[in-house]
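Q: Questions regarding the structure given below will be posed in turn.
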Amino acid sequence: SELIRGFLLSGMPCPSSCPPGLFALMAPGLALVATFSLPSQAGDRRTLPVAKPSGVKGRTLILLDVNTKSPVRIISENFLSLQLDPSIIHDGWLDFLSSRRLVTLARGLAPAFLRFAGKRTDFLQFHNVKNPAKSRGGPGPDYYLKNYEDDIVRSDIALDKQKGCKIAQHPDIMLELQREKAAQMHLVLLKEQFSNTYSNLTLTARSLDKLYNFADCSGLHLIFALNALRRNPNNSWNSSNALSLLKYSASKKYNISWELGNEPNNYRTLIGRSVNGSQLGKDYIQLRSLLQLIRTYSKANLYGPNIGRPRKNVIALLEGFMKVAGSTVDAVTWQHYYIDGRVSKVTDFLKTRLLDTLSDQIRKIQKVVNTYTPGKKIWLEGVGATSAGGMNNLSDSYAAGFLWLNTLGMLASQGIDVVVRHSFLDHGHNHLVDQNFNPLPDYWLSLLYKRLIGPKVLAIHMAGLQRKHRPGRVIRDKLRIYAHCTSYHNHNYVRGSITLYIINLHRSRKKIKLAGTLRDKIVHQYLLQPYGKDGLHSKSVQLNGQPLAMVDDGTLPDLKPRPLRAGRTLVIPPLTMSFYVVKNVNALACRYQ
C-alpha cells in the first residue's frame, strides 16, 4: 500500500513499545493476512492491506493523515445556518426576539443565514398593520391577555425609541407569562401538525420589523419564504399579498433573500390540490420578475424549491422544476428529517445505518441538479433529528448531537454548500435554544463548529485494524473523522492550522496516532461530553470537563482547549464528540482564504 509505505518512509518512530499487531509489514517475513476499509470524509472507501501476525488480536490504534496540499471541497462561509418557524407568531415568541440573551446566542453562530420558513409558510398572510395588540387573540383569561398585551405594547414603544440595533431586557414576570401562553399554544400547534391541518397566520409590519431587527442585530442574513398556496383559479400563483410584503420590505430597505413555499410535494394533502414541478417553476419565474421590478430586490437571491425527502414522486417534481426554473434559482434546496419523533428512542441516535441515510439522498438530489444545471449550488434546508417537532429528552439531548455533527461532516464532504438547522427557537424539541433561553447541547456543538471549522474541506487518510467482517453483514463505521482548515476568523490559530472533528459511537475508547504532515504537532483538544447524571439524555454539556453555560445575558463563555503535547496519541472516549486543532501545520491548502 502506498499509504502504509508513506507512513514508514515518514520516519515515524516505532520502537519495541509499538503494539505487536500494528503494521507487521515493518517486520520482514510476516505474511499479509488482513485487509480493512475505512472511509475518507469524501465518501470513498480504500482497501488497504495490513500485516497481522497469527494469534495477535486487532488493536484500536489508528494512523491518521490529512492531505494538506489542496481542499477537496470549499463550502459557504454561512455553511451552518439557522431557521425560525412561522409558528413563533402563533405562540408569541416572535415578540421576544429582541431579547439580549437570544441576540447574544444568535451572534455566536454568525455569519449565517436565518431562514424564516416551515410548515406554516403556506398559510402566512402579510398585513401592513403597525399595532396588532388590540386584535391579538390567544388562550387564557382576560386579565392574562390584557397584562400580556400591555407588556408587549410597552416593550414595542421602548424599542422604537432605540437607534440602530434594538435590544430589550424583558422582566422575568413577562417571560413567565409568555411561557404560560406558549405552553397552551403548544397543544394547539401539535394538534395542527399531527392532523396536517393548519390555520392561517397573519404577519404584520410590526412583526416583520422585529424579525428583521433580530437577524440584523445578530449578524444573520434573512431568507423569507413566501406563501405559495395563494392560487388563482387556473392554479397559477397569486402574488398580490407577496407584492405587498415586498413593497413594505423595500420601503424599509431590508436586505432579504427570498423563497416560495415549503415542501410543495405535500400540497395535495394540505389543500387537496397539487402543484406540479413545471407549474412551480413558472411560479418562481413570476417571483423573479416581481423582484426585478423592485429596485431594492432586483439582484436579490432566490432559493428553492425546498422539496421533501427525494422519493420517486418528489424527484419527478424536482425534475419538472429544474427544466423550467433551474437557471432562475441561486441554489436548489431540499429538506431532511432522520426519524419520526413520535417513536424515537435514544439508541436511534447511535445507529450508523440511520446516520448513513442522508448520503443516498444527497446523491439523488445531485444527480437531478447536475443533469439540468451542472455546478448549481445545493442546500439542505429544514434539517433536524426528528420530524413532528421532536421529542423531549431526545432530540434536544446530547445524544442528538451525533446525528447533527455527522450531518455537518457528511454534507460538507459531499459538496453541499449550506445546511439550515431547524430550528433556533420554536415550540418543539429540535431547537438549539429552549424556552428559558438556555442553549441546548446542539447549540454548544454548533458554536464549537463555527469557532473552529473553516469552509475548506480536506481529504483524510486512515490506516488501522478493523473488526473481522462477517459474511452477509455490512460493516458500518462507528468512528467518523472529518477534517477542515481551521476557521480564519479564529485568531487563536495561525493560518495553515487544521481542525479534525471526531464522532466515536463505539462503547469503548479509540486511539488515533497523527502521522505524515500532522506528526509531532501540538494539538488542542475540545472534548464535548454530557454533564450530569442523565448521560446521553442530558441537556447540559461539559467541555474538557468544565460545564458550559452563559456568563450573563450578553456574554458567551470562553471555549478553552486542553493542550496536548506534540506526538501524543489522541484518546477518544466512548460515545463522545470532539474537535482537535492541529497547530502550525502550515498546510498549503489553508494558508490563503
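What follows is calculated from the coordinates using simple rules that are stated; it is not laboratory data. Keep in mind that this is a model prediction, so the values were computed, not measured. Note that we place each Cβ from the backbone using ideal geometry, even for glycine, and neighbour counts take in every protein chain shown.
Q: Could you pull the Rg and Dmax for segment 477-593, using just the Cα atoms, both in Å?
A: 15.2, 45
Q: State, to one decimal in nm, how far the label point of Asp552 lies from the label point of Ala566, with both points 7 Å from Cα in the Cβ direction.
A: Modelled inter-label distance: 4.2 nm.
Q: Please work out how much length the chain gains when fully extended from Lys312 to His127, using 0.36 nm per residue of separation minus the C-alpha to C-alpha distance, in nm with one decimal.
A: 62.8 nm
Q: Right, next: What is the distance, in nm, between label points placed 7 Å from the Cα along the Cα-to-Cβ direction at Val346 and at Arg591?
A: According to this spin-label approximation, the distance is 4.9 nm.
Q: Over all directions, the average projected area of the alpha-carbon convex hull for segment 529-593 comes to how many nm²?
A: Taking a quarter of the hull surface, the average projection is 7.1 nm².
Q: How do 293-303, 526-536, 217-227 rank on mean C-beta neighbours within 10 Å, highest first?
A: Those peptides, ordered most packed to least, come out 217-227, 526-536, 293-303.
Q: Quote the convex hull volume per residue of segment 149-270, based on C-alpha atoms, as a whole number of Å³.
A: Working: hull volume 17.5 nm³, N = 122.
Cα-based convex hull of segment 149-270, divided per residue, equals 143 Å³.
Q: Ok, one more. Running Debye on segment 328-378 with equal point scatterers at the Cα sites and no solvent, what base-10 log of I(q)/I(0) appears at q = 0.14, 0.22 Å⁻¹?
A: With no solvent term, the Cα-only Debye profile gives -0.50, -0.82.
Q: Once you have the alpha carbon radius of gyration of segment 234-350, what is it after dividing by 2.2 N^0.38 Å, with N set to its residue count?
A: Scaled against compact globular proteins, the figure is 1.23.
Q: Related question: What full-extension length gain, to one decimal in nm, is calculated for Lys253 and Val494 as 0.36 nm per residue of separation minus the Cα-Cα distance?
A: Working: separation 241, 0.36 × 241 = 86.76 nm, distance 3.81 nm.
Net length gain for the segment: 82.9 nm.
Q: For the pairs Lys323/Lys364; Lys191/Lys539; Lys191/Lys450, note any where the Cα-Cα span goes beyond 24 Å. Could you put the intermediate results ahead of the total?
A: On the way: Lys323/Lys364 16 Å; Lys191/Lys539 26 Å; Lys191/Lys450 36 Å.
Pairs exceeding 24 Å: Lys191/Lys539; Lys191/Lys450.
Q: Let me ask something else. Across segment 175-237, how large is the tail of the calculated P(r) beyond 16 Å, expressed as a percent of all Cα pairs? Display every interim value, and only then the final one.
A: Details: 1364 of 1953 pairs.
The answer is 70 percent, as a whole percent.
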